[in-house]
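Everything below concerns the one structure shown next.
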């Protein structure tokens with residue numbers, strides 16, 4: 001069965017945010033947004049530097065990482081922090097050993113489309129390039145992340161990440177503040 005954007009994972013309860021709206025811009029909301037942006041960026045930095053302890057700390061213990069479609073030689077979905085770290089470390093070693101290259105993830109255009117006190121949903125675009133020991137660079141792939149996040153105390157973590165490697169998932173229509181039905 002092919003997974004669609006509508007069935008990727010359960011969505012948080014808050015309505016989709018209107019891009020550019022200032023309706024929710026209180027200090028707590030802004031702090032959460034900044035922390036989520038840091039979390040999304042940290043994934044790329046930890047993976048690309050080979051810091052898999054740091055990478056694992058970004059995920060909840062029962063997190064899931066899903067690939068649509070799955071890369072060759074990789075499972076379609078990996079569940080639990082430990083299995084995610086193991087799979088990402090294997091991918092890192094594979095690229096370094098077989099390609100002689102190190103990945104450089106460029107995660108951009110991160111938009112937080114849902115946010116409440118303990119859950120959030122963010123979307124980002126991804127480009128992966130390979131840095132070779134001889135100085136060459138090569139574009140590897142592009143895609144889009146859909147992240148469902150959970151807040152535990154003062155810390156946001158990735159609870160479910162889907163990497164879309166072909167089509168971009170549909171973004172649901174935004175709901176204006178006060179029109180949350």
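The values are calculated or read from the model by the stated rules, or taken from the named source; none is laboratory data. Remember, it's a predicted structure, so these values are computed and weren't measured experimentally. Reconstructed Cβ throughout: ideal geometry from the backbone, glycine too, with neighbour counts over all protein chains shown.
Among 68, 22, 60, 79, which is without any contact (Cβ under 8 Å) to a residue 24 or more places away in the chain and in contact with a strand residue (DSSP E or B) (Cβ under 7 Å, 6 or more places away or on another chain)?
Result: 79 is the single residue among 68, 22, 60, 79 that is without any contact (Cβ under 8 Å) to a residue 24 or more places away in the chain and in contact with a strand residue (DSSP E or B) (Cβ under 7 Å, 6 or more places away or on another chain).
Looking at segment 54-62, can you tell me whether even one residue there is at pLDDT below 95 and over 30 Å from residue 22 (Cα atoms)?
Looking for residues that are at pLDDT below 95 and over 30 Å from residue 22 (Cα atoms), one finds none in segment 54-62, hence no.
Per-residue answers, yes or no, for (1) without any contact (Cβ under 8 Å) to a residue 60 or more places away in the chain; (2) under 12 Å from the mean Cα position of the chain (by Cα); (3) under 27 Å from residue 32 (Cα atoms):
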residue	(1), (2), (3)
121	no, yes, yes
127	yes, no, yes
130	yes, no, no
137	yes, no, no
140	yes, no, no
146	no, yes, yes
154	yes, no, yes
157	no, yes, yes
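Give segment 78-88 a look and list any residue that's surrounded by 15 or more Cβ atoms within 10 Å (Cβ to Cβ) and modelled with pLDDT of 95 or more, or say none.
Within segment 78-88, 78, 80, 81, 83, 84, 85 qualify.
Can you tell me which residues in segment 89-119 are surrounded by 16 or more Cβ atoms within 10 Å (Cβ to Cβ) and farther than 21 Å from residue 141 by Cα?
Listed by number, the residues that qualify are 112, 113, 114, 115, 119.
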